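Q: Okay, handing you the structure first.
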Amino acid sequence: PFHLTRHLFVPLACLLMVSNASAAESPNILWLTCEDISPYLGCYGCPESQTPNLDKLASDGNRYTHAYANAPVCAVARSTLLTGMYSSTLGTHHMRCNVQLPESTPAYPKLFREAGYYCTNNSKKDYNSNFGSDSTLWDESSGKAHYKNRKEGQPFFSVFNITVTHESQLSQKRIKDYVAKKQIPATPRIDPSDIDLPPYHPDLPEIRQDWARFHDLITLMDSMIGERLRELEELGLAEDTIIFFYGDHGGQLARSKRFIYYVGTQVPLIIRFPEKWRDLATAAPGTAVDHLVSFVDFPKTVLSICGLQVPEIMQGSIFLGPDREPNPPHVHFYRDRMGERTDFSRAITDGRWYLIQNFMPHRPRGRDSRYGYQVQANWGAWQRHYDAGRCNAIQSQFFEPKPVVQLFETHGDPWHVKNLADDPTQQ
């Protein structure tokens, strides 16, 4: 059986060494995250994007082309990010639960704190477990939490989560607030008629408007990322800090967030290494990396590159640094209860082929969560269009029973609308 004390407590000499380390000896880690966004950034080739700060970060770092959340919804995905363990292993795979995890469950902030790091979270927790109320997890977790509050010379691990791309921010009230504050333009920057719609979305004004406003929010998010990057430079810490930027899962319009398709699980991931820590990277600055990476890999990797001991119970693979492990052949995904509606799907990808097994095929995807309908116009517009019998076969899939098995070739079908599971050549 696994004994936490055997793996988590660093020998005293090592602990003192790390605790007294300067930034020059132990890298700082800065995680900049945003919510509900697939790789809709300029550096990922999104034509509607305007993301100069993240494009610059990608040119200075590495852009991952096959990075994924293991679940397509926030709290479930975040429980894996926190622990380096699959939510389906922990029991945190149902959205909106409060699982009482045993004390032996690892959590990377605690491990970094024990090693002398100053750990801050600004400010979202939402770990689908008792870790959400654990006061020992972070040195500070609040809207004011900041690495600037650490002791002199103390290395830090800081998370800043930007919420302006969350699905709730696309409500009419929130959009009006952003316009009033001059954070986004009064009319969408992109003409809604110019949006290239996914094949599953019918051509409706509400859908085009929401897509256009989503891109405005992405540009606003990029400007907030820019502020954090400039702050790090002005404080003279950029050359001592490894920067991660990523989305917490895919999204955000109907049939993305919460759904186990590519658009619900693929995320942008950019990692920038300063010169002194560049030997930890796997590619030169400005290079795209096609390794398979998912959230379950993150905790092991950051512990390893900072020279800390990795608990044996952690799952996933180390994908950076001298202890880098072989690239996994596949990434695994799970989708279970979302709010009030039970479902059960599992999926796997090798980066090209994407296989889904639906264990409750009788439950249509578009009939489950009500939250999207409450905060965005596109959900209701699409359902009304379907109920009126005006959707084509692809647009209707979302509101009809699911196949038991779905197989997609992601390179040619990134929106996952052509199921190849019954193709005899693909058996």
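The values are calculated or read from the model by the stated rules, or taken from the named source; none is laboratory data. Small disclaimer: the values here were computed from a predicted structure and weren't measured. Please note: Cβ atoms are built from the backbone with ideal geometry, for glycine as well, and neighbour counts cover all protein chains shown. Heads up: the accessible areas ignore ligands, DNA and RNA and are worked out on the full protein's heavy atoms, side chains in. Shrake-Rupley method; radii C 1.70, N 1.55, O 1.52, S 1.80 Å.
Q: Open to solvent by 60 Å² or more (accessible area, probe 1.4 Å), at pLDDT 95 or above and of a type in the set (G, A, S): is that true of A381 in this structure?
A: So A381 fails the test.
Q: Kindly provide the set of residues from region 37-73 that are outside any helix (DSSP H, G or I) and open to solvent by 10 Å² or more (accessible area, probe 1.4 Å), ordered by number.
A: Result: P39, Y40, G45, C46, P47, E48, S49, Q50, R63, T65, H66.
Q: Same structure, new question: Can you tell me how many residues within region 332-350 are without any contact (Cβ under 8 Å) to a residue 40 or more places away in the chain and part of a loop (DSSP other than H, G, I, E, B)?
A: Going through region 332-350 one residue at a time, the tally reaches 4.
Q: How many residues does region 332-363 contain that are touching an Asp or Glu at 6+ places or on another chain (Cβ under 9 Å) and within 23 Å of D423 (Cβ to Cβ)?
A: Number of matching residues: 7.
Q: Specify which of the listed residues (Q266, Q252) is under 17 Å from the mean Cα position of the chain (by Cα), at pLDDT 95 or above, open to solvent by less than 40 Å² (accessible area, probe 1.4 Å) and polar (S, T, N, Q).
A: Q266
Q: Just the residues that are open to solvent by 20 Å² or more (accessible area, probe 1.4 Å) and not β-branched (V, I, T), please, taken from region 197-219.
A: Answer for region 197-219, where residues must be open to solvent by 20 Å² or more (accessible area, probe 1.4 Å) and not β-branched (V, I, T): L197, P199, D203, L204, P205, E206, R208, Q209.
Q: State all residues of region 116-145 that are crowded, with 23+ Cβ neighbours inside 10 Å and either farther than 17 Å from L237 by Cα or of a type in the set (G, A, S) (or both); if no residue qualifies, say none.
A: Y127, N128, S129, F131, W138
Q: Which pairs turn up if I take residues in region 269-282 that are under 14 Å from D297 (Cβ atoms) and look for partners that are in a loop (DSSP other than H, G, I, E, B) and of a type outside the set (S, T, Y) with beta carbon separation below 6 Å, at least 6 apart in sequence or on another chain?
A: From region 269-282, the pairs are I271/G61.
Q: Look through E275, E233, E227 and report the one residue that is under 19 Å from C43 (Cβ atoms), surrounded by fewer than 19 Cβ atoms within 10 Å (Cβ to Cβ) and at pLDDT 95 or above.
A: Sole residue among the options that is under 19 Å from C43 (Cβ atoms), surrounded by fewer than 19 Cβ atoms within 10 Å (Cβ to Cβ) and at pLDDT 95 or above: E227.
Q: Those residues that are more than 23 Å from the chain's Cα centre (by Cα) and either free of Cβ contacts under 8 Å to residues at least 40 places away in the same chain or over 27 Å from D196 (Cα atoms) (or both), I need them from region 404-420; list them, please.
A: Result: V404, V405, G412, K418, N419, L420.
Q: Moving on. Considering (1) in contact (Cβ under 8 Å) with a residue 40 or more places away in the chain; (2) within 17 Å of L30 (Cα to Cα); (3) open to solvent by less than 30 Å² (accessible area, probe 1.4 Å); (4) over 18 Å from the mean Cα position of the chain (by Cα), say which one K148 fails and leave the rest.
A: Here K148 clears every test but (3).
Q: Being at pLDDT 95 or above and open to solvent by less than 40 Å² (accessible area, probe 1.4 Å): is that true of L8 here?
A: No, not satisfied.
Q: Determine whether Y108 is surrounded by 24 or more Cβ atoms within 10 Å (Cβ to Cβ) and more than 22 Å from I162 (Cα to Cα).
A: no
Q: Cβ-Cβ under 7 Å, sequence separation 6+ or interchain: first residue in region 95-121 and in contact (Cβ under 8 Å) with a residue 60 or more places away in the chain, partner charged (D, E, K, R) and surrounded by fewer than 19 Cβ atoms within 10 Å (Cβ to Cβ). Which pairs?
A: M95/R337
Q: Now a separate question. So, in region 279-296, exactly how many residues are surrounded by 14 or more Cβ atoms within 10 Å (Cβ to Cβ) and either touching a helix residue (DSSP H, G or I) at 6+ places or on another chain (Cβ under 6 Å) or among the basic types (K, R) (or both)?
A: Of the residues in region 279-296, 4 are surrounded by 14 or more Cβ atoms within 10 Å (Cβ to Cβ) and either touching a helix residue (DSSP H, G or I) at 6+ places or on another chain (Cβ under 6 Å) or among the basic types (K, R) (or both).
Q: Another question about this same structure. Take region 163-191 and flag every residue that is farther than 16 Å from Y371 by Cβ, open to solvent by less than 30 Å² (accessible area, probe 1.4 Å) and in a helix (DSSP H, G or I).
A: Within region 163-191, I175, Y178 meet the criteria.
Q: Please go through region 233-278 and pick out each residue that is touching a helix residue (DSSP H, G or I) at 6+ places or on another chain (Cβ under 7 Å) and basic (K, R).
A: Once the filter is applied, which keeps residues that are touching a helix residue (DSSP H, G or I) at 6+ places or on another chain (Cβ under 7 Å) and basic (K, R), region 233-278 yields R255, K257, R258, R272, K276.
Q: Being of a type in the set (A, V, I, L, M), surrounded by 15 or more Cβ atoms within 10 Å (Cβ to Cβ) and modelled with pLDDT of 95 or more narrows it down to one of A393, A347, so name that one.
A: Going through A393, A347 in turn, the sole match is A347.
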